[in-house]
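See below for the structure under consideration.
The values are calculated or read from the model by the stated rules, or taken from the named source; none is laboratory data. Treat the numbers as computed from the prediction; the structure is a model and nothing was measured. A quick note on method: Cβ atoms are made from the backbone with ideal geometry, for glycine too, and the neighbour counts reach across all protein chains shown. For the accessible areas, the whole protein counts, side chains as well, though only heavy atoms, and no ligand, DNA or RNA atoms are used. Shrake-Rupley method; radii C 1.70, N 1.55, O 1.52, S 1.80 Å.
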Amino acid sequence: MAEFWVGYLLPFLWILGKILMFVVVVLVCTAYLTYAERRIIGAMQMRIGPNVVGWFGLLQPFADAVKLLTKETVLPTGSSPVVFFLAPMVTFSLAMIAWAVIPVSPGWLISNINVGILYLFAVSSLGVYGIVMAGWASNSRYAFLGAMRSAAQMVSYEVSIGFIMISVLLSAGSLNLSQIVEAQKGLWYFIPHFPMFVIFFISVLAETNRHPFDLPEAESELVAGFMTEYSSMSFALFFLGEYANMIMMSGVVSILFLGGWLAPMDNAFFNAVPGIVWFALKISFCLFLMIWVRATFPRYRYDQLMRLGWKVFLPLSLVWLIATAGFLVYTGRVPA
Amino acid sequence: MIVASLAFYLFSVIAVVSALNVIFQRNPVHSVLWLILTFFNAAGLFVLLGAEFLAMILVVVYVGAVAVLFLFVVMMLDINITVIREGFMKYLPVGAFIGVVLLVELALVFGGWASAPQAEALRLAPTPDIAQISNTEALGRIIYTQYVYVFQAAGLVLLVAMIGSIVLTLRRRPGVRKQDISTQVNRRKEDTVEVVKVPVGKGIA
């Protein structure tokens, strides 16, 4: 019995505790990301933004959550009820399970698996299902069009994301996220891989359906795209999932290109700051860029979006991958 | 080991149940969704075997790409279920016959299956040693050294298939106006804009 306690139950409770910590922190960050987005865009457009609920409007996310919870859940006629309610859950849980492998500080992660980067790639490639299921189950033209667009868009940009990830892991010589971060000691990969850093960031915008690639929910033509029929809690799950995805993808950008938890300079003063602070700062930087892009650029047209993905990003990332491999072999820097 | 066997039974039961649901669902979209669940559980079984690379590739390739295209096509098709059901009795004997033949063949293969003694020894001593390196690296070493020509041949087959599907679907439609970004960027002010002083009361001829 004692063996059962020490061997199974304690590790199980410990893992459960870690998961709970991650989920709570991510959810609070997600809530405040929505607030930050409204405030930042407000400032950029010379408005005030939410500033009434609580000090500086800091309780606004909770007010919104309460408002959404008390609204009526609508099930459209002719819809497929199970799939309809499964879709937001899929989106939300996918945004959460990706955090299982993201190291926020040395050793601070839930699971240190060997194929961490592949796991992240797999989870982000699954994100399309929530949207497609929502679009189909809603039994609505607008939702369906949004879902179709989103499926094509996310599948297209995944390809270049995959190639860029391969370039990075060739340089690091590992698929383990902690080892990729460790390999960036001294030189963060956004310096040697700068063009890929830019392309990766833009592909992330497309992958998370953010502006200027938010065609799946283009409100000027599709009402609200795949979310048209959703209200109340199911809408909130989509909303949270989307913003949690933004944070997660920013985390991926930070790990692959901005050196994860590493301090910008390897000296005692910077190293005294805990790694998680640097990681959070890098994520915030990426999130700020995403919000900035939203406030700045108009929406892409659909054919332009496809052209950019297939005819520009895909060849560029493929050439860069070959160039990286060639450079590593030629200069004898292939990591063992 | 209890946890591992519990996980094994969980994954395999869900995999079998969802595989059955793939063929028993009336709605083709639901069938594809069940198929996706089957893929997931197969990936789970791979993880239990310690083949995490194969598991992730299964999810990325089959669930993330192939099944998305399946879903895409099935959703776009206007499938009338009653029309499909109509010929059910007509095709039942043929289908049952093929099913029985396959089942008998499988039984024969399974009954007469024996591995060579050398193969048994190879299986017990995997190259390279799994304890030393991760299985992704082991897989890479074998594929890119021992089986490099077979691997390249498989790549060529895929390339031919890709070119074939592009050739089959590429149609040149005349009279379609497309955006050509390089011409747009290369347009100069002198070629397109003419500044004219318009005389009052005369206009431009």
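Things to note:
- For first residues located in segment A:170-182 and farther than 14 Å from A:Leu109 by Cα and open to solvent by 30 Å² or more (accessible area, probe 1.4 Å), partners that are part of a loop (DSSP other than H, G, I, E, B) and at pLDDT 85 or above and lie 6+ apart or on another chain with Cβ distances below 8 Å do not occur.
- For the criterion of being at positive phi, within 16 Å of the chain's Cα centre (by Cα) and either outside any helix (DSSP H, G or I) or of a type in the set (Gly, Ala, Ser) (or both), A:Gly251 fails.
- Hits in segment A:145-169 (condition: over 18 Å from the mean Cα position of the chain (by Cα) and without any contact (Cβ under 8 Å) to a residue 60 or more places away in the chain): A:Met148, A:Leu169
- Residue match in segment A:224-234 (condition: modelled with pLDDT under 90, part of a helix (DSSP H, G or I) and open to solvent by 40 Å² or more (accessible area, probe 1.4 Å)): yes
- Selection of segment A:12-39 for residues being free of Cβ contacts under 8 Å to residues at least 60 places away in the same chain and open to solvent by 50 Å² or more (accessible area, probe 1.4 Å) yields A:Phe12, A:Leu13, A:Trp14, A:Leu16, A:Leu20, A:Met21, A:Val24, A:Val25, A:Val28, A:Tyr32, A:Arg38, A:Arg39.
- Residue within segment A:21-43 that is among the polar types (S, T, N, Q) and either touching a Pro at 6+ places or on another chain (Cβ under 8 Å) or under 20 Å from A:Leu240 (Cβ atoms) (or both) present: yes
- Verdict on A:Phe163 being at pLDDT 90 or above, in a helix (DSSP H, G or I) and not aliphatic (A, V, I, L, M): yes
- Subset of segment A:263-286 that is in contact with a Gly (Cβ under 9 Å, 6 or more places away or on another chain) and more than 22 Å from A:Tyr119 (Cα to Cα) - its residue that is most open to solvent (accessible area, probe 1.4 Å): A:Asp266
- Of the helices (runs of 4 or more DSSP H) lying entirely inside segment A:1-106, those containing at least 2 residues that are among the basic types (Lys, Arg) and at pLDDT 85 or above are A:10-44.
- Exactly one residue out of A:Leu289, A:Leu305, A:Leu328, A:Leu316 is of a type in the set (A, V, I, L, M, F, W, C), surrounded by 14 or more Cβ atoms within 10 Å (Cβ to Cβ), on the phi < 0 side of the Ramachandran plot and within 14 Å of chain B (Cβ to nearest Cβ), and it is A:Leu305.
- Cross-chain or 6+ apart pairs with Cβ under 9 Å, segment A:234-263 first and closer than 17 Å to A:Leu126 by Cα, then among the aromatic types (Phe, Trp, Tyr) and open to solvent by less than 10 Å² (accessible area, probe 1.4 Å): A:Phe238/A:Phe226; A:Val252/A:Phe200
- In this entry, A:Leu118 is excluded by the filter for residues that are surrounded by fewer than 19 Cβ atoms within 10 Å (Cβ to Cβ), in a helix (DSSP H, G or I) and facing chain B (nearest Cβ under 10 Å).
- Annotation: A:Val82 fulfils all but one of (1) open to solvent by 30 Å² or more (accessible area, probe 1.4 Å); (2) within 15 Å of the chain's Cα centre (by Cα); (3) within 14 Å of chain B (Cβ to nearest Cβ); the unmet one is (2).
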